[in-house]
Structures are given as C-alpha cells and as structure tokens.
Amino acid sequence: MDFNRVQVQGFDIYPDYLSPDVQSRMVADVRLIASAAPLFHPITPSGRKMSVRMTSAGRVGWVSDRRGYRYDRVHPDGMSWPPIPDSILTVWRDLSGTERDPDCCLVNFYGEAARMGLHQDKDEQDFSQPVLSISLGDDALFRMGNVERGGPTKSVWLRSGDVVVMGGEARLRHHGVDRLRFGSSPLLPNGGRINLTLRVVD
Ligand code: SIN
Ligand code: MN
C-alpha cells in the first residue's frame, strides 16, 4: 500500500493512513470495547478529574487515581479488559517496526472541551518499544515537545485516519492535545475524537 510519512520533532506521522471503511470498522470495534469496559474519567494523583474519558483493551489497561498512574490487569469496576481487536493490531504490525505485539490499547475519548496537557509516556518498562497512536473523528491540535520539560514545540492538526509512531528519539518526548475542531469529522455522529494508543508495557 502507498502512504506518506512526515517527520515532525522526531515523530513519524502517517497522514490519512486509514481508509474511511477501516475507520468505521475501528469505531465499531471501539464501541464493543467500551460496552465491555466502560469509559471513565481518570483522576490524577493530585485529585483532578481528567477531561478525556478512557478505557483500554489488552492484557493490561492504563489507569490513574490517587495512588498514581499505572497499568492494571482490571478495569476500575473490576472487569478484565477485552482483547485488542484485529482491526487495530494490524496497524501496529504494519507500522511499529517491532516483532512484539502490544500489551495495551488505551482508548481516549475527547468530547468538545477535552484536552490533554503535555506529558511523557513513561509508565512502560522498555522505551526501545514504540507507542503507536491512531486518530479517529474530529481534528485535534497535537503538540510535540522535547524530552526535557520546556523548549520549543511544534504542532500539527491530526485528522481522522492519521497514525503517529512515537519511537526512537521521540519515544520520551512530551506531547499533548491543545484542542479539537469539534464537529469537523463526520465519523462520530455526535462529534468528538477517539485516540487509540498501542503500547508494549513490560
Ligand atoms: C496520548 O498521548 O495518550 C494521546 C495523544 C492523542 O490524543 O493524540
Ligand atoms: Mn501520551
């Protein structure tokens, strides 16, 4: 298959990687994940409610509460996480550049006012394994920074069907989502954005 790749701040961005049909299939698969393991608003260790809602698929899921950020074998309500759907695993196998399958697919749902502050993904054991991110639904302004806090950042609008691979020097770079263009995509009938991140955890 033919696709484009652009590099920004060491992040590999594949614009328009997923066809509209594949995106719709993935949304249906994400709805199944959320019906087995409902979306919840994580609480940060300092006690603030995150604006995104989250759930996970895979052997472990990412959770946050007053005890801290971590991966857990069960959802906060006690159920196991559903398996990572093949529609999503295929993207990892095609683009991650690693032999290992991911342990976790974190599902982030952004409503109109949701955002995600600049942060590093560092709750995993092996930073030689990439994190792969899939965008579905409304456009999001994605900011990419540096490994150290501060310094110049670059931003791109991620659109539905775009894939980003954070590997190599970008693996520990700060990144976040400043805002959505709510209603910009027809993929989700009520608007909003789904971001999927695939991670090897240990
Ligand atoms: C994340 O860093 O977990 C999410 C990034 C995104 O929503 O694009
Ligand atoms: Mn992240």
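The values are calculated or read from the model by the stated rules, or taken from the named source; none is laboratory data. These figures come from a predicted structure and were not determined experimentally. Glycine gets a Cβ as well: all are built from the backbone with ideal geometry, and neighbour counts include every protein chain shown. Please note that ligands, DNA and RNA were not included when accessible areas were found on the heavy atoms of the full protein model with its side chains. Shrake-Rupley method; radii C 1.70, N 1.55, O 1.52, S 1.80 Å.
In whole percents, the pair-distance distribution calculated for the chain from its alpha-carbon pairs, binned every 10 Å from zero, is 9, 38, 42, 11, 0. When the solvent-accessible area of the chain is split by element, carbon and sulfur atoms take up 48 percent of it, the probe being 1.4 Å. Summing Cβ point charges (Lys, Arg +1; Asp, Glu -1) relative to the Cα centre of the chain gives a dipole of roughly 740 debye. The residues of segment 55-202 expose, per residue, 44 Å² of accessible area to a 1.4 Å probe. For segment 1-62, the fraction of C-alpha pairs more than 16 angstrom apart is 66%.
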